[in-house]
Amino acid sequence: MLYAGLLTAVIILSGCEMNWNTLLTSGEQQATQAVKVEMDKLNQALLTATSQGDKAAIERLLAEGADIDATDSRGRTSAMIAVHSAQLDIFNLLVERGANINIRDNNLDNPLLFASAAGQLAFVKASIAAGADTTITNRFGGTALIPAADRGHVEIVKELLTTSDVNIDHVNRLGWTALLEAVILGDGGKKHQEIVKLLIEHKANVNLADHDGVTPLGHAKRHGYKEMIEMLTQAGGK
């Protein structure tokens, strides 16, 4: 009888312990959820403050624990929003506070990639100065140099070639380098001529062909771009 009573007591106590642990777990879950809700509010407020250019609010929210690299529904961090809204001072502030400028959004753009394609030289300079990773690629598999070259952004091409470690001969998923895109997607005008000149001066491989085996010179001839044909021929193009 004594043994049976002790066994019953152990079972009852064990049951109480299990219920107590369950209550603790439930309480912890509620506390965790409450913290998450508050963090989400802080992060959303930070993203809003960034879009509005409210420096004081940004500083306050970061001090309160907002995640500087939190993203919006488009996958944009505050740093990326600053680039989209052309707020260089806000971008620099976020960089100073430790923002990760290499994070890509849902469109596979980050500050350096977007700014290079959009012709935003100041943001390109700021991103390079902040140590942006030039090996990160966009949705076409290209580095920042490639869209800058095909869109005729001479100063950005020059900045990337002279102040960063970008790979001048990187090949994107289309099979094109910056030099190929400058010829294929360019208009053959002064800006694209200058870009071809810059790429040649910085030792781009003038004979690196596309997936079809066509070289930059071959494409220049197809388009009838006389100035480019001359430059590429003098550089050893075939």
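The values are calculated or read from the model by the stated rules, or taken from the named source; none is laboratory data. For clarity, every value in this text was computed on a predicted model and none was experimentally measured. Note that each Cβ is placed from the backbone with ideal geometry, even for glycine, and that neighbours are counted across all protein chains shown.
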- prompt: Does the range 62-82 include one or more residues that are assigned to a helix (DSSP H, G or I), crowded, with 19+ Cβ neighbours inside 10 Å and over 18 Å from the mean Cα position of the chain (by Cα)?
  reply: yes
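Check whether at least one residue in the range 141-152 is of a type in the set (Val, Ile, Thr) and surrounded by fewer than 22 Cβ atoms within 10 Å (Cβ to Cβ), and report yes or no.
Among the residues of the range 141-152, not one is of a type in the set (Val, Ile, Thr) and surrounded by fewer than 22 Cβ atoms within 10 Å (Cβ to Cβ), which makes the answer no.
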message: Based on this model, can you work out whether VAL124 counts as β-branched (Val, Ile, Thr) and within 21 Å of ASN100 (Cβ to Cβ)?
response: yes
- request: Identify all residues within the range 169-194 that are touching a His at 6+ places or on another chain (Cβ under 8 Å) and crowded, with 20+ Cβ neighbours inside 10 Å; write none if there are none.
  value: THR177, ALA178, LEU180, ALA182, VAL183, GLY186
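Taking the condition in contact with a Lys or Arg (Cβ under 9 Å, 6 or more places away or on another chain) and crowded, with 17+ Cβ neighbours inside 10 Å, does THR215 pass? First the steps, then the outcome.
Numbers: in contact with a Lys or Arg (Cβ under 9 Å, 6 or more places away or on another chain): yes; crowded, with 17+ Cβ neighbours inside 10 Å: yes.
Here the answer is yes, as THR215 does meet what is asked.
Within the range 105-121, identify whether any single residue is over 17 Å from LEU145 (Cβ atoms), hydrophobic (A, V, I, L, M, F, W, C) and in a loop (DSSP other than H, G, I, E, B), and answer yes or no.
So the first thing to find is which residues in the range 105-121 are over 17 Å from LEU145 (Cβ atoms), and the list is 105-107.
When the remaining residues are screened for being hydrophobic (A, V, I, L, M, F, W, C), the result is none.
Scanning the range 105-121 turns up no residue that is over 17 Å from LEU145 (Cβ atoms), hydrophobic (A, V, I, L, M, F, W, C) and in a loop (DSSP other than H, G, I, E, B).
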task: Scan (1) under 24 Å from HIS153 (Cβ atoms); (2) assigned to a helix (DSSP H, G or I); (3) not aromatic (Phe, Trp, Tyr) for the single condition GLY218 breaks and write down its number.
output: (1)
message: Under 7 Å between Cβ atoms, which residue pairs at least 6 apart in sequence (or on different chains) link something in the range 185-207 that is in the same structural domain as VAL166 (by TED's automatic domain parsing) with a partner that is among the aromatic types (Phe, Trp, Tyr) and crowded, with 16+ Cβ neighbours inside 10 Å?
response: GLY188/TYR225
task: State the number of residues belonging to the range 146-165 that are small (Gly, Ala, Ser) and not in a helix (DSSP H, G or I).
output: 2
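Can you name every residue in the range 165-200 that is on the phi > 0 side of the Ramachandran plot and out of contact with any helix residue (DSSP H, G or I) (no Cβ under 8 Å at 6 or more places or on another chain)? Spell out the reasoning first.
Looking only at the range 165-200, we keep the residues that are on the phi > 0 side of the Ramachandran plot, and these are 175, 188.
Hit for the range 165-200 is GLY175, nothing else.
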